[in-house]
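Shown next, in structure tokens, is the structure this report addresses.
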Amino acid sequence: MEQGGAGRWSDAELHGALARVFGYTAFRPHQIEIVKGILGGHDSLSIMPTGGGKSLCFQLPSHLMDGVCVVISPLISLMKDQVDAACANGLRAAALNSSLSPGGHRAVREALASGELDLLYISPERLSAPGFWDALALWPVSFFAVDEAHCISQWGHDFRPDYLALSGLVERFPQCPVAAFTATATPEVERDILSRLGLREPRLIRASFDRPNLFYHVLPKEELHAQLLSFLGGHEGESGIVYRSTRRKVEETAAFLQKKGVKAEAYHAGLPDAERMRVQEAFRRDECPVVVATVAFGMGIDKPDVRTVIHTDCPDSLEAYFQEAGRAGRDGAKAYAVLLYNGADSRKLAKRIDDNFPEKEYIRKVYEHLAYFFQVAEGYGENITFEFNIEKFCHTFKHFPLRVNSALKILDRAGYIDYAEEQDNAARVMMTVTRDELYRLTNNTPNEDKVIITLLRSYGGLFSDFRFIDEGIVAQRAGLMQPQVHEALKALGRKRVLKFIPRRATPVVRYRRRREDPARLVFPKDAYEERRRQFAERIGAMMRYANNDDKCRSQQLLGYFGEDTAQPCGHCDVCLDSKGNPADTAGAEKVKAEIERLLGDGMRHHITELLGIKQPPETVDATLRRLIEEEHIYQEDGFIYKGH
């Protein structure tokens, strides 16, 4: 492809390329403006809500320009999906990260050197690897795309210290434009991004955060599981995401829904890669309409027809809530974003401030215990890296993991350690039988034989030591799906044909300086006090949104992100209440009649029996609450009944 300014590409030519590469007939709002800016060599910051199509804004120019676009993306776990999606559109894409085998690294570098890539995805941590900047300078870079750019801002809701290395892009590559993207940025975070990246006369594209097709509702959390059944039953067969705050809650809620006949799956970071991939694929293909998940689910899942996103536990910022809720209705059709909230959530949110910013004496105590745990004497340890088992550490020194995690992050920001919560380690394999024994095996399945043959052809030294492998490459070369490779490797491990260590994310701690006396630790204001203040403000904004029943939900969200001119949406719970209680509508009379009919036998009935009522869920809920408040019926342990 050819390098050149935006003027070389007419709107008609860009629309032709859009249709040819992506199959679309029209750009979404602001996309063509961003594409032209990159083609014209301009730096830019684009703030686009989830579902706005930001990836196309850098993928299309990468196809039209000479050289490779380097995409900085924060999560290694998402890169495979991003690369697969780009390749599916005919783009030449690859990723460089720690999950690759040495052979995989070599193949990507060779493709770069020979100009065979349009897109290269890297994590910000890669920029800190020895010699990487020098290697990058040898490659034909056309421009840089910084995804999730809010991570560079210390005032953002998801600050990541490794992103600070990106401040060197403009200085090291003055000939390459830098295009930064984020889905959530307050005006303060926006200014911080521009300053830290050092963008040159940047074009600022701020798309409206208004999602007129998204119906925001905040409902009182009462009988949680019964409420979920009621809402999901009113949207049976439609795609939905239920967010829970912990892995245990995810498993419990998914099991409950499955028991009640809802096709639901659990998803969280603690599941094996193959299982997470299976759930993602089932959700994409509509084989599993409902996923119960932690916030690990959703990023990189480009599914436009999600009709419902339900938060059963309150996020700690409006940025996080807006981004997660925005995964509903990306096709522009009507969708619901529901937050279930009660007084207990307010207390939990307030507690998170102290959990995320424990007192300084506690942080010093964690630093001291860390040295005991790793057996690092005072004055030693500089530049030494340790794998960190947080469960064992907490058990040994009687700490709670959440507070330890927070203390380590503050020590990282203060410059004493590097703390990586998820240092991604590739899968490893070593043969435990000899070559002769391997050839005499007769009880392997066809898939197991394919995996063994592919391993022997792709990796050397398997009989003498562990070797890193890429399960995706093995799958491709063996003609199998990646989950099939994973299961075959586990089966061969059980048969003691080989030893298999699955890919895993291991926390890592590195001492940046020699271990000091804890009493001498100093915490800069911007590493502690200022960040605590900012975090408390975000918590406060989230609580005000959940508790404010007087102002339109959409207006509240848009005002937080700097859009103060929005009109009431007309369809959130606040706007509907201002029009009149859903329990006062004609539909409510039908609901009341159905409930009266159900309870006419004088028996107790589980609340899930209301799922068959063919009225909007908000009308059913409002009518039920009114009947209970007026003591026409009673509710106890999920059952409803008439008084005697």
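Residue pairs whose Cβ atoms lie under 9 Å apart, sitting 6 or more positions apart in sequence or on different chains, and linking a residue in the stretch 585-608 that is closer than 22 Å to Leu224 by Cβ to a partner that is part of a loop (DSSP other than H, G, I, E, B) and modelled with pLDDT of 85 or more, are Ile595/Ile633; Ile607/Glu223; Thr608/Lys260. Would you be able to say whether some residue in the stretch 155-168 is in contact (Cβ under 8 Å) with a residue 60 or more places away in the chain, assigned to a strand (DSSP E or B) and of a type in the set (Phe, Trp, Tyr)? No, every residue in the stretch 155-168 fails to be in contact (Cβ under 8 Å) with a residue 60 or more places away in the chain, assigned to a strand (DSSP E or B) and of a type in the set (Phe, Trp, Tyr). Residues in the stretch 393-403 that are surrounded by 12 or more Cβ atoms within 10 Å (Cβ to Cβ) and among the aromatic types (Phe, Trp, Tyr) were compared, and the one that is nearest to Lys360 (Cα to Cα) is Phe397.
All conditions but one from (1) within 28 Å of Met79 (Cβ to Cβ); (2) at pLDDT 90 or above apply to Tyr367; the one that does not is (1).
Selection of the stretch 597-644 for residues being among the charged types (D, E, K, R), modelled with pLDDT of 80 or more and part of a loop (DSSP other than H, G, I, E, B) yields Arg604, Lys642.
Is it the case, given these coordinates, that Leu96 is touching a Lys or Arg at 6+ places or on another chain (Cβ under 9 Å) and at pLDDT 85 or above? Criteria met by Leu96. When the stretch 203-238 is limited to residues that are farther than 17 Å from Asp573 by Cα, at pLDDT 90 or above and not aliphatic (A, V, I, L, M), the one that is nearest to the chain's Cα centre (by Cα) turns out to be Glu238. Across the stretch 421-474, the number of residues qualifying as touching a helix residue (DSSP H, G or I) at 6+ places or on another chain (Cβ under 7 Å) and basic (Lys, Arg) comes to 1. Residues that are farther than 23 Å from His105 by Cβ, modelled with pLDDT of 90 or more, of a type outside the set (Phe, Trp, Tyr) and open to solvent by 30 Å² or more (accessible area, probe 1.4 Å) are absent from the stretch 497-504.
Sub-8 Å Cβ pairs linking a first residue in the stretch 479-493 that is free of Cβ contacts under 8 Å to residues at least 60 places away in the same chain to a second residue that is among the small types (Gly, Ala, Ser) and open to solvent by 10 Å² or more (accessible area, probe 1.4 Å), at least 6 apart or interchain, are Val485/Ala478, ordered by first then second residue. Can you confirm whether the stretch 180-188 contains a residue that is at negative phi and assigned to a helix (DSSP H, G or I)? Among the residues of the stretch 180-188, at least one is at negative phi and assigned to a helix (DSSP H, G or I), which makes the answer yes.
All conditions in (1) in contact with a Phe, Trp or Tyr (Cβ under 8 Å, 6 or more places away or on another chain); (2) at pLDDT 90 or above; (3) charged (D, E, K, R) hold for Arg276, with the sole exception of (2). Of the strands (runs of 3 or more DSSP E) lying entirely inside the stretch 304-392, not one contains at least 3 residues that are farther than 26 Å from Glu252 by Cα and open to solvent by 50 Å² or more (accessible area, probe 1.4 Å). Taken over the stretch 38-48, the criterion of being within 28 Å of the chain's Cα centre (by Cα) and part of a helix (DSSP H, G or I) is satisfied by Ile38 alone.
Comparison of Thr182, Thr186 shows that the only residue that is among the β-branched types (Val, Ile, Thr) and open to solvent by less than 10 Å² (accessible area, probe 1.4 Å) is Thr182. So, in the stretch 404-433, how many residues would count as being open to solvent by 50 Å² or more (accessible area, probe 1.4 Å) and over 30 Å from Gln482 (Cα atoms)? Result for the stretch 404-433: 2. Taking the stretch 460-481 as the range and being open to solvent by 30 Å² or more (accessible area, probe 1.4 Å) and modelled with pLDDT of 85 or more as the test, the residues that pass are Phe463, Arg477, Gly479, Met481.
The values are calculated or read from the model by the stated rules, or taken from the named source; none is laboratory data. All figures in this text were calculated on a predicted structure; none of them were measured in a lab. Don't worry about glycine lacking a Cβ; one is built from the backbone with ideal geometry, like all the others, and counts go over all protein chains shown. With ligands, DNA and RNA removed, areas are computed over all heavy atoms of the protein, side chains included. Shrake-Rupley method; radii C 1.70, N 1.55, O 1.52, S 1.80 Å.
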